[in-house]
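Please read the structure below before turning to the comments.
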Amino acid sequence: MRVLVTGVAGQLGHDVCNELAARGIEAAGSDLHPSYAGCADGSPVTAMPYFSMDITDKESVQSVIGAYAPDAVVHCAAWTAVDAAEDEENIAKVRAINAGGTENIARACRDLDAKMVYLSTDYVFDGQGDTPWEPDCRDYRPLNVYGQTKLEGEQAVSSILDKYFIVRIAWVFGKNGKNFIKTMLQLGKTHDSLRVVCDQIGTPTYTLDLARLLVDMIETDRYGYYHATNAELPGDAREDGCRTGYISWYDFTKEIFRQAAALGHPEYLPENLSVTPVTTAEYGLSKAKRPFNSRLAKEKLAGSGFTPLPDWQDALHRYLLEIEF
């Protein structure tokens, strides 16, 4: 098998390439940059073949994918700056990347009869209620430009291809790039109190765990829509009031600091750093509407023979051991 991974300078593309290399699968990465621009960590992705490709340019996509002739494309590239997507001057560009770029890749995959994995988001739903969203739910009502354009990408893939995996994820963190955990750890070093939103509920996704699942998927023909975030532990709350099942950003922050302190960083102890829960309305600031309900039902993974991702607290622990802070 030969696999092309888009968005290799990002968190997920980086880990997918390394997972492919670990399994001995021939792979190449692509991104908009002239050369690989991800973290220079010496991992296999930094040395594997790389193609500069503008996914919004149909000819660029056809040229690169046609020449490399992959058996599968894992499409990680996307515009993910949710608030900036709302700016009038950015909307056309966001749509060109998330919808048009995805359509270009889907058409190139169709020409080669190649499989395609498209990474989507809980933002395709309206985020209301408290019931986990099922992967085959079609009750789409995105709240913002990012969600709408990612939905348009989904629709392009499903209308053009038969051999596709549409995988929705949420609250992503990985080694290569910025994410919520890194932001909180940095803020915790420079502040003695933080306000964090407590009424948006979901679970995070560790790119290292997700990459393994995606490579498992392309080795099969069990196509369709899936949800993949790290698992929730049983139960609703711990003694400190934080959730152990689906969580809020506040719960996530508390656990980040608890684990960081346990790893020998006393600046994150409660006596040195207070974290106050606030509602989305109280927090303000965001240009884009955020979903309150980001719960994603993941039972279809096991039902289709795939191994679900480990629980999110275990994922967080392994991640903190990987990064410097």
Quick test of your reading of the structure: N176 fulfils all but one of (1) farther than 20 Å from L210 by Cβ; (2) among the polar types (S, T, N, Q); (3) under 14 Å from the mean Cα position of the chain (by Cα). Name the failing condition by number. (1)
Could you tell me whether segment 77-87 includes any residue that is of a type outside the set (D, E, K, R) and open to solvent by 60 Å² or more (accessible area, probe 1.4 Å)? yes
Among the listed residues R23, R110, R2, R95, which satisfies the condition of being touching a residue at least 24 places away in the same chain (Cβ under 8 Å), out of contact with any Ser or Thr (no Cβ under 8 Å at 6 or more places or on another chain) and over 30 Å from E322 (Cα atoms)? R110
Collect the residues in segment 97-122 that are in contact with a Phe, Trp or Tyr (Cβ under 9 Å, 6 or more places away or on another chain) and either open to solvent by 10 Å² or more (accessible area, probe 1.4 Å) or not in a helix (DSSP H, G or I) (or both), keeping them in residue-number order. I97, K115, M116, V117, Y118, S120, T121
Selection within segment 172-199 - open to solvent by 30 Å² or more (accessible area, probe 1.4 Å), closer than 21 Å to V275 by Cα and hydrophobic (A, V, I, L, M, F, W, C): F180, L187, C198
Could you tell me whether A9 is within 22 Å of S120 (Cβ to Cβ) and within 17 Å of the chain's Cα centre (by Cα)? yes
Boolean, L296 is out of contact with any Phe, Trp or Tyr (no Cβ under 6 Å at 6 or more places or on another chain) and hydrophobic (A, V, I, L, M, F, W, C): no
Residue count for segment 26-50, restricted to those that are of a type in the set (D, E) and buried (at least 17 other Cβ atoms within 10 Å of the Cβ): 1
The condition from (1) basic (K, R); (2) in a helix (DSSP H, G or I); (3) within 19 Å of the chain's Cα centre (by Cα) that R168 misses is numbered (2)
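The values are calculated or read from the model by the stated rules, or taken from the named source; none is laboratory data. Computed from a prediction, not measured in an experiment: that's the story for all the values here. Cβ coordinates were reconstructed from backbone atoms using ideal geometry, including for glycine residues, and neighbour counts include every protein chain displayed. The protein model used for the area step is the full one, side chains on, heavy atoms only, and it has no ligands, DNA or RNA in it. Shrake-Rupley method; radii C 1.70, N 1.55, O 1.52, S 1.80 Å.
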